[in-house]
Amino acid sequence: MENFDWKNLGFGYHDTDYNVRCCYRDGKWGELETHTDPNVTMSMAATCLHYGQESFEGLKAFTGKSGDIRIFRPDENAKRMQRSAEYIRMVAPPTDLFVEAVKKAVDLNRRFVPPYGTGASLYIRPLLIGTGAQVGVNPSNEYLFLVFVTPVGPYFKSGFGPIDVIVDRDHDRAAPLGTGHVKVGGNYAASLESNHLAHKKGFSTVLFLDAAERKYIDECGAANFFAIRGNSYITPVSHSILPSITNLSIQQLALDMGLAIEARRVELAELPSFDECGNCGTAAVLTPIARIVDETNNKVYEFAKDGKAGKITTQLYEKYRAIQLGEAPDIHHWIVTI
Ligand SMILES: Cc1ncc(COP(=O)(O)O)c(C=O)c1O
C-alpha cells in the first residue's frame, strides 16, 4: 500500500505505476499494452493538438468495506465516450475493451487504491485522442485510447460541507454553443476563465445559465445541478448539459426513496422555491449548495442556512456512498469488482 496521507489528500494528479494503452490503426484496435512511462509521443500534426479531436472520461474505484476493489458503472462511461467520439468523428473503443482497460489499469495500480474509511478514492481517467497527422480539418485515421489512474480526495475543500456558487452570465461551460452534452476537451477549456474568476471572488464554483437567454440553469461547474422541492428531485435537462452518470444514479435512488423526478428545463427564477440545492458528479459526489449569488441582479439565494446539508440531500448522499463502498447491497448492479 502506497504511503499517502489518505485523509488529507486533495483532488490532484499523482504519478502511479502503470497506464494502459490501445492503438487504433489500419481500421482496427490493437492489443492492450501496459506502460510505465506517463509521457505520450505523437506527431506534431496530430488532430488532437490542432482540432481538439479528444475525449476523456472520469470514474472512480473504491476499497469496499470487505476489502474488495469496486469500480462504479464503467460501462456507462464507455457508452458516453462512444457518444462523444461520434460527435467529433473519432473511433471509440467498444464497451468491452473500455471496461477491460479500466479494470486492468486499476488492478495494476492496486497499491494506490485508498483504504476503506479514508474518504479518498482512485480516480480513473480514460482518454481518447486523434494521433494521425493532418493539416486539413479532417478526422484522424489513428487513435490512442489510454487509461491512467490517480488517488484523489474530495473535489471541494468543504467535503460534504455546503459550498457558495456564483451565477455566470458571461461565459458558457461548453463552446461552441450546444455541445455540452459530450465530454470533449474544448468544452472544459471554455470553462477555465469562468472558474478562475469565481475562485478569485471566493466562490467554490460557477452556476452556468443557458447560452441563448441566460434564463435557465445549465450546470454547476463540472457537475450537474439538482434541487429538492417538497417530495420532488428536480434537475435541468438541455442539449448543453453533460448527462452525468452520478445524476442518473441519484435519480434512481431518489425514485427508490419514493421521490418524484422532475427532469426538465429549470428557470433561475425558481431558486427561491427550492428547499435544498446541490451539485453532483464523479468528482463532486453530492455537494450541497449554501448560497447562490447573482451579482447582476443583486440577489443572494440561501440554502442550508445552518451550515448543514438538507435532509434529502444527506439521505441521497449516504445511500449513494453506501453502495460505492459496499456498505449497502448493490441492488442496481452498478459495481464491477476486481
Ligand atoms: C461538465 C460536467 N458535468 C457533469 C459531470 C458529472 O458527470 P458524472 O457524474 O458522469 O461524473 C461532469 C463530470 O465529469 C462534468 O465534467
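Quick one: is Ala105 surrounded by 23 or more Cβ atoms within 10 Å (Cβ to Cβ), away from the ligand (no atom under 16 Å from the Cβ) and over 22 Å from His35 (Cβ atoms)?
Working: surrounded by 23 or more Cβ atoms within 10 Å (Cβ to Cβ): yes; away from the ligand (no atom under 16 Å from the Cβ): yes; over 22 Å from His35 (Cβ atoms): no.
Criteria not met by Ala105.
Looking at Glu327, Glu262, which one is over 24 Å from Ser204 (Cβ atoms), of a type in the set (Asp, Glu) and within 22 Å of the chain's Cα centre (by Cα)? Reasoning before the result, please.
Numbers: Glu327 fails: within 22 Å of the chain's Cα centre (by Cα).
Criteria check complete, one pass: Glu262.
Is it true that some residue in segment 28-41 is among the acidic types (Asp, Glu) and either touching a helix residue (DSSP H, G or I) at 6+ places or on another chain (Cβ under 7 Å) or modelled with pLDDT under 95 (or both)? Steps first, answer last, please.
Just the residues of segment 28-41 that are among the acidic types (Asp, Glu), to begin with: 31, 33, 37.
So of that shortlist, the ones also either touching a helix residue (DSSP H, G or I) at 6+ places or on another chain (Cβ under 7 Å) or modelled with pLDDT under 95 (or both) come out as none.
The answer is no; no qualifying residue exists.
Out of the residues in segment 206-215 meeting the condition of being modelled with pLDDT of 95 or more and crowded, with 19+ Cβ neighbours inside 10 Å, tell me which one is farthest from the ligand (Cβ to nearest atom).
Here the answer is Leu209.
Is there a residue in segment 326-338 that is over 25 Å from Leu122 (Cβ atoms) and either touching a residue at least 24 places away in the same chain (Cβ under 8 Å) or touching a Ser or Thr at 6+ places or on another chain (Cβ under 8 Å) (or both)? Quick ask: steps written out before the conclusion?
Step one: list which residues in segment 326-338 are over 25 Å from Leu122 (Cβ atoms), which gives none.
Scanning segment 326-338 turns up no residue that is over 25 Å from Leu122 (Cβ atoms) and either touching a residue at least 24 places away in the same chain (Cβ under 8 Å) or touching a Ser or Thr at 6+ places or on another chain (Cβ under 8 Å) (or both).
Residues of segment 45-69 being away from the ligand (no atom under 16 Å from the Cβ) and either assigned to a strand (DSSP E or B) or without any contact (Cβ under 8 Å) to a residue 40 or more places away in the chain (or both), which ones? Show your work before the answer.
Narrowing segment 45-69 to residues away from the ligand (no atom under 16 Å from the Cβ): 45-51, 53, 63-69.
Answer for segment 45-69, where residues must be away from the ligand (no atom under 16 Å from the Cβ) and either assigned to a strand (DSSP E or B) or without any contact (Cβ under 8 Å) to a residue 40 or more places away in the chain (or both): Ala46, Leu49, Thr63, Ile69.
Restricting segment 302-338 to residues that are of a type in the set (A, V, I, L, M) and in a helix (DSSP H, G or I), which is surrounded by the fewest Cβ atoms within 10 Å (Cβ to Cβ)? Lay out the reasoning, then the answer.
Going through segment 302-338, the residues of a type in the set (A, V, I, L, M) turn out to be 304, 309, 312, 316, 322-323, 325, 328, 331, 335-336, 338.
After this cut, where a residue has to be in a helix (DSSP H, G or I) as well, the list is 312, 316, 322-323.
Values: Ile312: 20, Leu316: 27, Ala322: 15, Ile323: 21.
For segment 302-338, the residue satisfying everything is Ala322.
On the basis of being crowded, with 21+ Cβ neighbours inside 10 Å, at pLDDT 95 or above and charged (D, E, K, R), does Glu276 make the cut? Can you show your working first?
On the way: crowded, with 21+ Cβ neighbours inside 10 Å: yes; at pLDDT 95 or above: yes; charged (D, E, K, R): yes.
Against the criterion (crowded, with 21+ Cβ neighbours inside 10 Å, at pLDDT 95 or above and charged (D, E, K, R)), Glu276 qualifies.
When you go through Met90, Met42 one by one, which is the residue that is surrounded by fewer than 19 Cβ atoms within 10 Å (Cβ to Cβ), in a loop (DSSP other than H, G, I, E, B) and over 19 Å from the mean Cα position of the chain (by Cα)?
None of the others qualify; the one that does is Met42.
Taking segment 146-202, which residues are over 30 Å from Trp6 (Cβ atoms), more than 15 Å from the ligand (Cβ to nearest atom) and touching a helix residue (DSSP H, G or I) at 6+ places or on another chain (Cβ under 9 Å)?
If the condition is that a residue be over 30 Å from Trp6 (Cβ atoms), more than 15 Å from the ligand (Cβ to nearest atom) and touching a helix residue (DSSP H, G or I) at 6+ places or on another chain (Cβ under 9 Å), then Ile166, Val167, Asp170, Pro176 are the ones that fit.
Return the only residue of Asp218, Asp168, Asp172 being among the acidic types (Asp, Glu), in contact with an Asp or Glu (Cβ under 7 Å, 6 or more places away or on another chain) and buried (at least 22 other Cβ atoms within 10 Å of the Cβ).
Asp218
Do any strands (runs of 3 or more DSSP E) lying entirely in segment 221-301 carry at least 2 residues that are within 12 Å of the ligand (Cβ to nearest atom), and which ones are they? Before the answer, list the steps.
Working: elements: 224-229, 232-236, 260-264, 276-281, 285-294.
In segment 221-301, the matching strands (runs of 3 or more DSSP E) lie at 224-229, 232-236, 276-281, 285-294.
From the list Lys7, Lys104, which one is touching a Gly at 6+ places or on another chain (Cβ under 8 Å), closer than 24 Å to Thr337 by Cα and not hydrophobic (A, V, I, L, M, F, W, C)?
Values: Lys104 fails: touching a Gly at 6+ places or on another chain (Cβ under 8 Å).
Step by step, each of Lys7, Lys104 is checked, and only Lys7 is touching a Gly at 6+ places or on another chain (Cβ under 8 Å), closer than 24 Å to Thr337 by Cα and not hydrophobic (A, V, I, L, M, F, W, C).
The values are calculated or read from the model by the stated rules, or taken from the named source; none is laboratory data. Computed from a predicted structure; not experimentally measured. Don't worry about glycine lacking a Cβ; one is built from the backbone with ideal geometry, like all the others, and counts go over all protein chains shown.
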